[in-house]
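The values are calculated or read from the model by the stated rules, or taken from the named source; none is laboratory data. Since the structure is predicted, the reported quantities are computational estimates derived from the model, not experimental observations. Neighbour counts run over all protein chains shown; Cβ positions are idealised from the backbone, glycine included. Heavy atoms of the whole protein, side chains included, go into the accessibility calculation; ligands, DNA and RNA do not. Shrake-Rupley method; radii C 1.70, N 1.55, O 1.52, S 1.80 Å.
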Amino acid sequence: MLEKVTSALGGIIRRISGNASISEKNIEDAVEEIKIALLESDVNLRVVRRFVNSTIEEAKGEKVLRSVNPGQQFVKIVHDKIVALLGDTKKDLQLKGPDTQSVILFLGLQGSGKTTSAAKLAARLLKQGRRPVLAACDLVRPAAVEQLTVLGEKIGVPVYSEPGEKNAVKVAKNALNFAKRGGYDVLITDTAGRLQIDDSMMDEIEAVKKALDPVETILVADAMTGQNAVEVAKAFDERTGLTGVILTKFDSDARGGAAISLKSVTGKPILFIGTGEKTEDLEPFYPDRIASRILGMGDIVSLVEKAQETIDAKEAERLQKKMAGESFTLQDMLDQLERVSKMGSIQSMLEMIPGLAGQIDESQMDTSGLKTQKAIIQSMTAKERSNHLIIGPSRRKRIAKGSGTSVAEVNRLIKQFEKTRQTMRKVAKNKGLSGKFSGMFGQ
């Protein structure tokens, strides 16, 4: 995620942040490097120029040059400027109260991820206690209605559709009535896109919007298309009046041009980012956190939040007791591996750790080890997972065959497990650990 811009800017920031003194020449050189890095990351030229001018003006002031830590003061200015480019603060959906119906209209080109994003948002709202319903109004793309129906069934959210109907406005109106009758408080409407912007698509969207009067009109754009995503946002906003943007494929975007340029060029906030293919891979967009990642400062808050999503306080306490009592099993180990997988890729987690962002290339990391360990444990019986001492030579041979590994790899995992368990027992007996667990989960 944003590897190229993070690597470039992170290097500049690390070099200047420790300087005990800096001159106007230092500042000019650093800003010039940042300018080149932003342009190479496909950031809009006008945005880069405004950033450069305002940064140099502020950084050359007395506050920086005569401060106790001028390098750090300069870094703060750069950080704040990037936060401003990204949108200053996190923007929430402007939904009405749960007793009043809210309509969200999704727009975008074909292939941008509209349908998937609609389902992701519905799943998110469902977890927040809302009662969402999806409306299948993309009557152009083959199988769009079927795709939304399947996704709705997967997340447990109803989908209103009229197979065979060609009038999107009619379907939208009927979906609105369906939502009102069913007591659903959020109607999320998926609309038709095209491979490129054309009048017929815009005319249909304008008609659907007029029929629904949505509280949110959200463009779904592909982050990897860079400046093209920004231009698409401008075009849609001019015709339909956007209230926000969802950037998909953000986890695959190495440059960051769309994210950094979009708010400055269009004035519309980025509401969410798509970070994977799973229904839970839709994250709120926090400008300050993304700015920290871009500058290689990490994002510990998001990392902790991801951890909290996969393990609660009671589970942490239970795990601590098992560690201390030497009852930690291979099944527990498998559960932990599964939780790590749910938190995202190893690279995405490393990006959130200060000092590591942009420093480690995922291609250089061997992530196959986790998959191998999971495969070996999953090939064991329930009794073997609960008591590794019964796993003798014949069982190890069977497990190796079942997991597509070797006996040596099975032996290695069991030996590693035993060492890990011993270490965990020592750590868990530390009196301060219980407090650290509870503190992490806000208790």
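Looking at the structure I just gave you, is LYS166 assigned to a helix (DSSP H, G or I), of a type outside the set (A, V, I, L, M) and on the phi < 0 side of the Ramachandran plot?
Numbers: assigned to a helix (DSSP H, G or I): no; of a type outside the set (A, V, I, L, M): yes; on the phi < 0 side of the Ramachandran plot: yes.
No: the conditions fail for LYS166.
Out of the residues in the stretch 74-109 that are over 14 Å from ILE27 (Cβ atoms) and more than 28 Å from the chain's Cα centre (by Cα), state the one that is most open to solvent (accessible area, probe 1.4 Å). Let's see the steps before the verdict.
Step one: filter the stretch 74-109 for residues over 14 Å from ILE27 (Cβ atoms), giving 79-80, 82-109.
Going one step further and asking which of them are more than 28 Å from the chain's Cα centre (by Cα), we end up with 99-100.
On the way: ASP99: 155, THR100: 68 Å².
Among residues in the stretch 74-109 that are over 14 Å from ILE27 (Cβ atoms) and more than 28 Å from the chain's Cα centre (by Cα), the one most open to solvent (accessible area, probe 1.4 Å) is ASP99.
When the stretch 206-223 is examined, which residues are found to be hydrophobic (A, V, I, L, M, F, W, C) and within 19 Å of GLY87 (Cα to Cα)? Before you say what the answer is, go through the steps one by one.
Within the stretch 206-223, the subset hydrophobic (A, V, I, L, M, F, W, C) is 207-208, 211-212, 215, 218-221, 223.
The answer is ILE218, LEU219, VAL220, ALA221, ALA223.
Would you pick out the residues in the stretch 190-244 that are β-branched (Val, Ile, Thr), more than 22 Å from VAL43 (Cβ to Cβ) and either in contact with a Pro (Cβ under 9 Å, 6 or more places away or on another chain) or not in a loop (DSSP other than H, G, I, E, B) (or both)? Step through it out loud before you land on a result.
If we filter the stretch 190-244 for residues that are β-branched (Val, Ile, Thr), which is where we start, we get 191, 197, 205, 208, 215, 217-218, 220, 225, 230, 232, 240, 243.
The next check asks that each one be more than 22 Å from VAL43 (Cβ to Cβ); those that pass are 191, 197, 205, 208, 215, 217-218, 240, 243.
Hits for the stretch 190-244 are THR191, ILE205, VAL208, THR217, ILE218, THR240, THR243.
Given (1) farther than 25 Å from ALA211 by Cα; (2) out of contact with any strand residue (DSSP E or B) (no Cβ under 8 Å at 6 or more places or on another chain); (3) part of a loop (DSSP other than H, G, I, E, B), where does THR100 come up short, assuming only one miss?
(1)
Of all residues in the stretch 243-262, which are surrounded by 24 or more Cβ atoms within 10 Å (Cβ to Cβ) and either basic (Lys, Arg) or farther than 11 Å from LEU2 by Cβ (or both)? Don't jump to the end; show me each part of the working.
Of the stretch 243-262, the ones surrounded by 24 or more Cβ atoms within 10 Å (Cβ to Cβ) are 245-248, 250, 253, 256-262.
Hits for the stretch 243-262 are VAL245, ILE246, LEU247, THR248, SER261, LEU262.
For the stretch 208-226, which residues satisfy the criterion of being touching an Asp or Glu at 6+ places or on another chain (Cβ under 8 Å) and open to solvent by 10 Å² or more (accessible area, probe 1.4 Å)?
The one that is touching an Asp or Glu at 6+ places or on another chain (Cβ under 8 Å) and open to solvent by 10 Å² or more (accessible area, probe 1.4 Å): MET224.
For the stretch 132-156, which residues satisfy the criterion of being surrounded by 23 or more Cβ atoms within 10 Å (Cβ to Cβ) and assigned to a loop (DSSP other than H, G, I, E, B)?
Correct list: ASP138 only.
Across the stretch 1-32, what is the total count of residues that are part of a helix (DSSP H, G or I), touching a residue at least 24 places away in the same chain (Cβ under 8 Å), more than 26 Å from the chain's Cα centre (by Cα) and farther than 12 Å from VAL75 by Cα? Walk me through it before giving the result.
Of the residues in the stretch 1-32, the ones part of a helix (DSSP H, G or I) are 3-17, 24-32.
Going one step further and asking which of them are touching a residue at least 24 places away in the same chain (Cβ under 8 Å), we end up with 3-14, 16-17, 24, 27-28, 30-31.
Still in the list and also more than 26 Å from the chain's Cα centre (by Cα): 16-17, 24, 27-28, 30-31.
Those still in the list that are farther than 12 Å from VAL75 by Cα too: 24, 28.
Number satisfying all stated conditions: 2.
Against the definition (in a helix (DSSP H, G or I), touching a residue at least 60 places away in the same chain (Cβ under 8 Å) and small (Gly, Ala, Ser)), how does ALA175 come out, yes or no?
Working: in a helix (DSSP H, G or I): yes; touching a residue at least 60 places away in the same chain (Cβ under 8 Å): no; small (Gly, Ala, Ser): yes.
In short, no.
Please work out which residue is farthest from the chain's Cα centre (by Cα), limiting yourself to the stretch 371-409 and to residues that are open to solvent by 60 Å² or more (accessible area, probe 1.4 Å) and within 15 Å of GLU338 (Cα to Cα).
GLN378
Cβ contacts < 8 Å: first residue more than 15 Å from GLY392 (Cα to Cα), restricted to the stretch 408-423; second residue surrounded by fewer than 14 Cβ atoms within 10 Å (Cβ to Cβ) and not basic (Lys, Arg), any location; separation 6+ or different chain. Result?
Note: pairs meeting the criteria are ARG421/GLU326.
Would you be able to say whether some residue in the stretch 58-73 is at positive phi, in contact with a helix residue (DSSP H, G or I) (Cβ under 8 Å, 6 or more places away or on another chain) and open to solvent by less than 20 Å² (accessible area, probe 1.4 Å)?
No, because not a single residue in the stretch 58-73 is at positive phi, in contact with a helix residue (DSSP H, G or I) (Cβ under 8 Å, 6 or more places away or on another chain) and open to solvent by less than 20 Å² (accessible area, probe 1.4 Å).
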